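To start, the structure itself, in structure tokens.
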Amino acid sequence: MLLPHIYADDTGHSVLDEIDLKMMAPGGGDAEAGTYYRRINSDRQDVTDWRIGHALPGHFIDFTPTDAPTMIAVFSGQMHITVSNGEERQLARGDMMIAEDITGQGHMTRFVGQEPCNYLLVTMPGGLK
């Protein structure tokens, strides 16, 4: 599963790319075998904490690095992420992102759209496995 990914390059700029989340099927079943829903599991992740955020449209967080590698999942609303090299990514309900720009300038977040943005931040020490 590919997820948007932010990291800091050697010059200290934050960069957007995609990271392949290693997935493993729990075994058996597919649509041909009559199984139409199948959960896919990732490797277990170490987590130090999780936080739920709420932001109104128009709220703005200037360029800042993350404290630790963090997974972001958007429940409702929209957030617009800009990294220091100018690349942008829009996240909306159901989208996820991995932020690992713990050094350098970091990224900027602007909450856009018509409804509040509710999101989950999961801190993963040591980064994504």
How many nm separate the modelled label positions at Arg51 and Asn85, each set 7 Å beyond the Cα in the direction of the Cβ?
-> 2.7 nm
Ranked highest first by the average count of other Cβ atoms within 10 Å around their residues, in what order do 86-99, 46-59 fall?
-> 86-99, 46-59
Quote to one decimal, in nm, the extra length available between Glu18 and Ser76 on full extension: 0.36 nm per residue of separation minus the C-alpha distance between them.
-> 18.7 nm
When the distances between all Cα atoms of the range 46-129 are binned every 10 Å from zero, what whole-number percent does each bin get?
-> 19, 52, 27, 1
Contour excess over end-to-end distance, with Cα ends at Leu120 and Phe63 and 0.36 nm allotted per residue = 18.6 nm
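Laboratory data are not the source of any read-out in this text; all were calculated from the coordinates shown. Since the model is a prediction, treat every value here as computed from it, not as a measurement. Counting neighbours? That spans all protein chains shown, and the Cβs are built from the backbone with ideal geometry, glycine included.
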